[in-house]
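Trainee: The following block contains the structure, expressed as structure tokens.
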Amino acid sequence: MTQELTHYIDGAQVKGGSGRFADVLNPATGEVTGRVPLATKAELDDAVARAAEAQKAWGATNPQRRARVMMKFGQLINEHMDELAELVSREHGKTLPDGRGDVQRGLEVVEVCMGAPSMLKGEFTDDGGPGIDLYSMRQPLGVVAGITPFNFPAMIPLWKMAPALACGNAMILKPSERCPSTSLRLAELLKEAGLPDGVLQVVNGDKDVVDAILDNETVQAVGFVGSTPIAQYIYGRAANNGKRAQCFGGAKNHMIIMPDADIDKAADALVGAGFGAAGERCMAISVAVPVGEETAEALREKLVPRIEKLRVGPYTSGDEVDYGPVITAASKERIEKLIGSGVDQGAELVVDGRGFQLQGYENGFFVGPSYFDHVSPDMEIYKEEIFGPVLSQVRAGSYEEALKITMDNPYGNGTAIFTADGDTARDFAHRVNVGMVGINFPIPVPLSYHTFGGWKKSAFGDLNQYGPDAFRFYTKTKTVTARWFSGIKEGGEFNFKAMD
Ligand code: NAD
């Protein structure tokens, strides 16, 4: 049965009024499971106006009380873990363990936000001059917006909403129209946790509603995660309209394998990081760069049987599958076309995942695992973010060449090196122009009390997601210089020179 989805406005499900809808699919079967309304500019503007009203009291609520809402929210996410993971997997297609991981990595940011009061403390200078104290405070921005991608339907909305709300803002959340249900459910849980109505508004939609967000004068900041062209577009338009913006984009993450690396461990790591979640992760490793011919041959020998053993299937098969379908039929077609271009341009397709069929799931969007060797940086499969279960091997003659290949790539989200040598690892971490680096660690997503963000074409704007940076992004600093005359010594004159 097709479910009629809604927006979530002022603490209640609200039907869309535009008459425009997008189909929500189960990628394992190709069936339409729901219809999500696509909001108009008028619907968005109304949701923002209501959010601005609700934000007044929420922003004036003391930080500890707001943190208590986060505590209760975290507890409810834990209690509803299986239900949320099922929602994630049904609309995204990832396995249930991956669905739980998606919720868990979002929950960890909620946990950090339980300590928001200590992050919101200001600074104080006692006696900065005669009778003068200076202090700074962090105040909420007002109404902010989060625009999120399909590939982490729980984690990324939670990365946006938890810090924004804990800082005292109201948020307009525009989740991916392909996977909207998790955000709608999280909004209900937040209400149950005690969040006042209107402080989180989930407005579903496509480009029309995104543009309305970017042009709405009340919206003070935009946090975006998605593909690079859209990230760059949103950053430009938001900044042009005077908004604070951080826009995280796509990736092409390289893993360097040195001759002294443990090749079994490197191959295990590559298979997990390259093919997990069907390669639909912005921190997926899509390029392996073995150093030296011997390393390349040894790695290939270890990789092929592991890749051929990967089990592809629907999330309903539980632990029995390693990864699920890709998100849409168009995505499957694009990935298979890119694999074809790799063959045409002279790369060696060692494992071919095209034409994959699963009995009983003939209409699902499954793509088998593919592995290319002898890929060069001028090929389409190297230049494009494939966002599918495809691993490319680019052979390098030396560590310097491997480093140069990684650094010349326009993306800079994550990277890794596998080596037994501390000096090489240290040199790599120091020199590489990429935001998140793993040493013998393939997907170096930082823990929630650190911070997440790429470099180069993987991020536009300033400050990272979650961790201390999130508390800076979602607040503005006000600095007060106060003078009390009783603090000036008897008979003394205020001496401005003393301030120099
Ligand atoms: P996408 O760019 O297609 O969509 C992201 C959001 O933008 C969605 O909410 C969508 O509705 C909206 N959108 C799409 N087209 C738009 C347009 N023309 N104008 C305005 N808004 C538009 O991305 P996706 O396919 O949902 O997600 C996959 C991408 O996200 C990959 O490139 C992946 O690397 C990236 N990603 C990056 C990070 C990171 O932190 N850097 C994390 C996860 C995913």
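FYI, it's all coordinate maths here, none of it is from the lab. Everything numeric here is computed off the predicted structure, so don't read it as measured data. Backbone-built Cβ (ideal geometry, glycine too); neighbour counts: all protein chains shown.
Trainee: Roughly how many whole Å is it from the C-alpha centroid of the range 358-372 to that of the range 169-216?
Mentor: 33 Å
Trainee: Here's a follow-up. Sorted from largest to smallest, which semi-axis lengths in Å does the alpha carbon gyration tensor of the range 253-439 give for its equivalent ellipsoid, taking the root of 5 times each eigenvalue?
Mentor: Numbers: eigenvalues 154, 57, 46 Å².
Semi-axes from the Cα gyration tensor: 28, 17, 15 Å.
Trainee: While we're looking at this one, here's another question. With everything on Cα atoms, drop me the angle between helix 293-308 and the longest principal axis of the chain, reported from 0 to 90° to the nearest 10.
Mentor: Taking the Cα atoms of the chain, the angle to 293-308 is about 90 degrees.
Trainee: While we're here: Give me K265, K243 ranked fewest to most by other Cβ atoms within 10 Å of their Cβ, as a rough exposure proxy.
Mentor: K265, K243
Trainee: What value does the chain have for Rg/Rh, both radii from Cα atoms and Rh as Kirkwood defines it?
Mentor: Taking Rg over the Kirkwood Rh, I get 1.03.
Trainee: Do the sum for the chain: with -39,500 (n - 2.57) for every DSSP H run of n ≥ 4, divided by all residues, what is the mean residue ellipticity at 222 nm, to the nearest 500 deg cm²/dmol?
Mentor: -12000 deg cm²/dmol
Trainee: Once the Cβ-Cβ distance between A482 and V32 is put in as r, and R0 is 60 Å, what FRET efficiency do you end up with, to the nearest 0.05?
Mentor: On the way: r = 62 Å, r/R0 = 1.03.
The value I calculate is 0.45.
Trainee: Next question, about the same structure. Just flag the chymotrypsin sites (Phe, Trp or Tyr not before Pro) in the range 356-460 sitting in loop per DSSP whose Cβ has no more than 15 other Cβ atoms within 10 Å.
Mentor: Sparse-neighbourhood loop chymotrypsin sites (Phe, Trp or Tyr not before Pro): Y449.
Trainee: First obtain the Kirkwood hydrodynamic radius of the range 85-140 from its Cα pairs, then insert it into the Stokes-Einstein equation at 10 °C and 1.306 mPa s, and state the resulting D in µm² per second as a whole number.
Mentor: For these conditions, the coefficient is 108 µm²/s.
Trainee: Further question: If you line up the long axis of helix 399-408 against the longest principal axis of the chain, both from Cα atoms, how many degrees apart are they, to the nearest 10?
Mentor: Helix 399-408 sits roughly 60 degrees off the main axis of the chain.
Trainee: Also, I was wondering about something else. Just want the ordering: S176, S227, from fewest to most Cβ atoms lying within 10 Å of their own Cβ.
Mentor: S227, S176
Trainee: OK, next. Give me the orientation-averaged projected area of the Cα convex hull of the range 1-125, in nm², one decimal.
Mentor: On the way: hull surface 41.7 nm².
That works out to 10.4 nm², a quarter of the Cα hull's surface.
Trainee: If I fit a long axis through the Cα atoms of helix 96-113 and take the longest principal axis of the Cα atoms of the chain, what angle between them do I get, 0 to 90°, rounded to 10?
Mentor: The helix 96-113 is inclined about 20 degrees to the chain.
Trainee: What is the spread of the Cα atoms of the range 215-336 along each of their three principal axes, largest first, in whole Å?
Mentor: So the extents along the principal axes, rounded to whole Å, are 57, 38, 24.
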